[in-house]
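S.K.: Okay, here's the structure, questions in a sec.
The values are calculated or read from the model by the stated rules, or taken from the named source; none is laboratory data. Only a predicted model underlies this, so the values are computations on that prediction, with no experimental measurement involved. Neighbour counts run over all protein chains shown; Cβ positions are idealised from the backbone, glycine included. Note: accessible area is taken over every heavy atom of the protein model, side chains too, but ligands, DNA and RNA are not part of it. Shrake-Rupley method; radii C 1.70, N 1.55, O 1.52, S 1.80 Å.
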Amino acid sequence: LCVPAVPVLFKQALENTDVEEGKSVSLRCELTKADASVVWKKGEATLQASAKYEMKQKGTVAELVIHNAEPEDA
């Protein structure tokens, strides 16, 4: 029996968030499949975990925390 893979979709997409410059902001999205691979991008650039960008994932919720937010992070 061959069962086709079910695509991973967004249950809850990202929402626009305002934050004061220099503060941290958390961006979250919810997926239809737990522990699906998530890649965070800004334009064409893939973001990497660093002191500035913190990536978390628990079950179906993926989160990006941007520390010390600047206007360039928009």
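S.K.: Could you work out the pair-distance distribution P(r) of region 1-73 from its alpha-carbon pairs, with 10 angstrom bin width and percents rounded to whole numbers?
M.R.: The calculated distribution, bin by bin, is 17, 46, 26, 7, 3, 0.
S.K.: Under 30 Å Cα to Cα from Lys23, which lysines show up? Leave out anything in the same chain fewer than 8 places away.
M.R.: Candidates past the 8-residue exclusion: Lys11, Lys41, Lys42, Lys52, Lys56, Lys58.
S.K.: Ignoring ligands, DNA and RNA, please state the percent of accessible area on the chain from carbon and sulfur, probe 1.4 Å.
M.R.: 53
S.K.: According to a simple spin-label model (label point 7 Å from Cα along Cα-to-Cβ), what is the distance in nm between Met55 and Val38?
M.R.: Spacing of the two 7 Å Cα→Cβ label points: 1.0 nm.
S.K.: Which ³J(HN,Hα) values in Hz, rounded to whole numbers, follow from the phi angles of region 15-21 under the Karplus curve 6.51 cos²θ - 1.76 cosθ + 1.60, where θ = phi - 60° and Gly and Pro get x?
M.R.: For region 15-21, the Karplus curve yields 10, 4, 9, 9, 8, 6, 4 Hz.
S.K.: Using a 1.4 angstrom probe, figure out how much accessible area the chain has per residue, in square angstrom, rounded to the nearest whole.
M.R.: 78
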